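Undergrad: First, the structure itself, so that you have it in front of you.
The values are calculated or read from the model by the stated rules, or taken from the named source; none is laboratory data. Not measured: the values here are computed from a predicted model. Because the Cβ atoms are built from the backbone with ideal geometry, glycine has one as well, and the counts that use them run over all protein chains shown.
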Amino acid sequence: MATETCHLYLDGTSYDFKVEGDFFWGEEELLYKEKDSVISKTSWSHQGYGVVDAFEGNEFEDLRASIEKNIIRAFEANNIPYDKDTFKLGDYHKVVTNDEMHLQVIDITRNLTNEDFDFDIDKLTDRFGKILGYPLTSWVEELQKSHIQIRINRPSSLDINPPHRDGYLSYWEDVINVWIPIEGCNEHTSLPVFPGSHLIPENEILRTGSKGATINGNTYFVPCILKTKEGDLQMIRPNPKEGEALLFSPFIIHGAAVNRSESTRISIELRLPKVKS
């Protein structure tokens, strides 16, 4: 196993971090299947992502309250002291003050299901299906459950995924990725994507295998993409606003959501399979 420097650009600003793993160039194949892809009917299929309206009425506030409830539940499960009357999501890093505590929290918040929320996730599932022109479901057949992840990213931390494609994992091959900003999401913190990268064949990508990348002692299920034949990754932050969602192909390169602010960034991630006909 080697230690490599992942050097990339976020909206033109360079950033790098160390990754441990065994890196290799892929086969001469394109994993993204344009015909019948979940994004094939959109006007943004070539760039691989789009920002859409996601909520109606008080839905956003209801989801936000449910996310806070889940984070507090993780505090209490791990005996992490907090002030119930004054706690704010953006101040998470003032409560969770070290990596050990953070790993205890995300061990719970990264593997939730619909039943963990006081919010009807399938309202979003139906809404996004209409936008895409394909029926979606929140049930992931291979996992035999729904899957929801609260992403918590402390300021100036390595609370990030490496650049990756979810589609390398079999259960995410035919899904729409949904990223929804909840707290502290802005042009300095929101999720980066590499526009058009779902159209890059595997032999032009240098990456690890699944569960083959370690950053700051944390090993990831997703492979780390180090660079392409063209060089360092050129990523941008689409920066959806409150009430919007970022939808993208599971084969677009995304991740490395460095938080360059003074507040904790909270977002929620859904992966919604296309209903098989």
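Undergrad: Would you mind finding the one in 73, 64 that is at pLDDT 95 or above and surrounded by 18 or more Cβ atoms within 10 Å (Cβ to Cβ)?
TA: Going through 73, 64 in turn, the sole match is 64.
Undergrad: Right, here's the next one. Considering only the range 203-224, I want to know if a residue exists there that is closer than 27 Å to residue 97 by Cβ and of a type in the set (Lys, Arg).
TA: No, the range 203-224 has no match at all.
Undergrad: Taking residue 138 as the residue in question, decide whether it is at positive phi, assigned to a loop (DSSP other than H, G, I, E, B), over 15 Å from the mean Cα position of the chain (by Cα) and surrounded by fewer than 21 Cβ atoms within 10 Å (Cβ to Cβ).
TA: No, not satisfied.
Undergrad: Criterion first (in a strand (DSSP E or B) and surrounded by 15 or more Cβ atoms within 10 Å (Cβ to Cβ)) does residue 222 satisfy it?
TA: When the stated conditions are applied, residue 222 does not pass them.
Undergrad: Now a separate question. Given 34, 27, which one is out of contact with any Pro (no Cβ under 6 Å at 6 or more places or on another chain), surrounded by fewer than 20 Cβ atoms within 10 Å (Cβ to Cβ), at pLDDT below 95 and more than 17 Å from residue 125 (Cα to Cα)?
TA: Testing whether each residue is out of contact with any Pro (no Cβ under 6 Å at 6 or more places or on another chain), surrounded by fewer than 20 Cβ atoms within 10 Å (Cβ to Cβ), at pLDDT below 95 and more than 17 Å from residue 125 (Cα to Cα) leaves just 34.
Undergrad: Taking the range 40-96 as the search range and keeping residues that are hydroxyl-bearing (Ser, Thr, Tyr) and either touching a Leu at 6+ places or on another chain (Cβ under 7 Å) or assigned to a loop (DSSP other than H, G, I, E, B) (or both), which one is farthest from residue 131 (Cα to Cα)?
TA: 82
Undergrad: Quick check on my filter: what residues within the range 225-273 are in a loop (DSSP other than H, G, I, E, B), farther than 29 Å from residue 25 by Cβ and either out of contact with any Leu (no Cβ under 9 Å at 6 or more places or on another chain) or acidic (Asp, Glu) (or both)? Quick ask: steps written out before the conclusion?
TA: First, pick out the residues of the range 225-273 that are in a loop (DSSP other than H, G, I, E, B): 229-230, 232, 237-243, 249-253, 255-264.
Now drop any that are not farther than 29 Å from residue 25 by Cβ, which leaves 239-243, 259-264.
The answer is 241, 242, 243, 259, 261, 262.
Undergrad: Moving on. Could you please tell me which pairs satisfy a Cβ distance under 6 Å, a separation of 6+ or placement on different chains, a first residue in the range 215-228 that is farther than 17 Å from residue 252 by Cβ, and a second residue that is surrounded by fewer than 18 Cβ atoms within 10 Å (Cβ to Cβ)?
TA: From residues that are farther than 17 Å from residue 252 by Cβ, the pairs are 215/158; 216/158; 221/211.
Undergrad: In addition: Among (1) acidic (Asp, Glu); (2) at pLDDT 95 or above; (3) surrounded by 14 or more Cβ atoms within 10 Å (Cβ to Cβ), where does residue 53 come up short?
TA: Here residue 53 meets the rest and fails (3).
Undergrad: Additional query: Filter the range 256-277 for residues that are among the charged types (D, E, K, R) and within 13 Å of residue 186 (Cβ to Cβ) and give the result.
TA: Listed by number, the residues that qualify are 260, 262, 265.
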